[in-house]
Amino acid sequence: AGLSALRQASLWKEALNLLSWRGNETWSPDVICHNAALAACSQASQWQQTLNLLAKMQAEDDPSPRPDIVSYNTAISCCQASREWQQSLALFNELHRRQVRSSIVTFNSTIHACWRGHQWAMALDLLDLLRKASHRPTLPTYGGLLAALTPQAKWVEALGLLEDLRKDGMSLDSRGWAMLVNLLHGAGQLDRAIDAYRHMEAERMISPWSTRYHGAIDLHGHSPNVAIVAIHSVLDDAVKQPAGRRFYRELGSDLLIIMGRGQRTRSGSTRLHEQIRILLQQEFQPPLELKAADGFFGSTPGKNQKALEGAWVIPTQSLQRWVAAQRTLRQHPQPH
């Protein structure tokens, strides 16, 4: 009970001291006690202490109990969270060498370690090993795999995972879909990214529309790449005006985009604003302008002013110029 309490409080020094206490000859801490101490070290991000205790449990000439799968899972997870991904992979190999039966937690933590180390191919190999070990992938499994594929923009493999997930009778949650949108956008697969974003909309996981201001885009809860895909989706609908979907109809007025007041750059602007401003210049032809929403509600904004401190607008002229160019392009497509 004492070690469990120390684990919950992340008191790793006290947990290790209690393990080595010899004030009572009947005190012989078992593997559960050692695992509690490992967990205390892990929760305090003490990966070296975690490995030291695990090595002590592994030593043949030490009276400590031998480590079980909980011991290894705790150490792998601790190293992964501490960005010591190579240590996690070494522990994964070690437990198999010692013929300790793995669990789905073992594989999930090791897959996340592959993400930390940008080892996307190894992460996919672990999915095959997982199945051979008769484990069933979980949402954290697929989340770790998508994270591992994202830095290298491996979109074909990501869509393959989506199909595997469906075969397993599961579907991504909102976080997983957002990761997929981000990956597809980063891979230059804009149409597929928009389709994935619209799936999120249809499943009521996300919406680009403000519930407070009619016709305004609200990007709270959107990462930069997902936010720019949301803007692409809204403006694509403004051009095509599809039946059955809500689209921006007021092309004769500025388009309000609410981003919040979030993290700031040294210049004082929000990071999300800076990134979206750049993307609007890079990804839209002709480029779209982004201006502060000052005066959007006229000279007497009242209680709306505070909400608009993190809001911007795409001016009417910029919006109309872009829409006209897109409609012309659709009527007279350029040869490839």
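Peptide packing: for 57-68, 150-161, 283-294, the average count of neighbouring Cβ atoms within 10 Å per residue gives the ranking 150-161, 283-294, 57-68, highest mean first. Put simply, the C-alpha atoms of segment 160-202 give a gyration tensor, and the ellipsoid matching it has half-axes of 18, 12, 9 Å, longest first.
Between Val156 and His96, 0.36 nm times their residue separation minus their Cα-Cα distance comes to what?
Extending this stretch completely gives an extra 18.5 nm.
Here the spin labels are modelled as points 7 Å beyond Cα on the Cα-Cβ line, and at Ala292 and Ser207 they lie 3.0 nm apart.
Could you give me D for segment 48-162, from Stokes-Einstein at 10 °C and 1.306 mPa s, where the hydrodynamic radius is the Kirkwood radius over C-alpha pairs? Units µm² s⁻¹, please.
Values: Rh = 14.5 Å.
For these conditions, the coefficient is 110 µm²/s.
Solvent-accessible area of segment 174-242 (1.4 angstrom probe, protein heavy atoms only): carbon and sulfur portion equals 43 percent.
Taking Cβ atoms as reference points and 9 Å as the exclusive limit, the residues near Pro208 contribute a net charge of -2, counting Lys and Arg as +1 and Asp and Glu as -1.
From the alpha carbon centroid of segment 83-119 to that of segment 35-70 is 16 Å. At an R0 of 35 angstrom, the distance between the Cβ atoms of His332 and His199 translates into a FRET efficiency of 0.65.
The values are calculated or read from the model by the stated rules, or taken from the named source; none is laboratory data. The structure displayed is predicted, hence computed values, not measured ones. With ideal geometry, Cβ positions are generated from the backbone for all residues, glycine too; neighbour counts draw on all protein chains shown. Note: accessible area is taken over every heavy atom of the protein model, side chains too, but ligands, DNA and RNA are not part of it. Shrake-Rupley method; radii C 1.70, N 1.55, O 1.52, S 1.80 Å.
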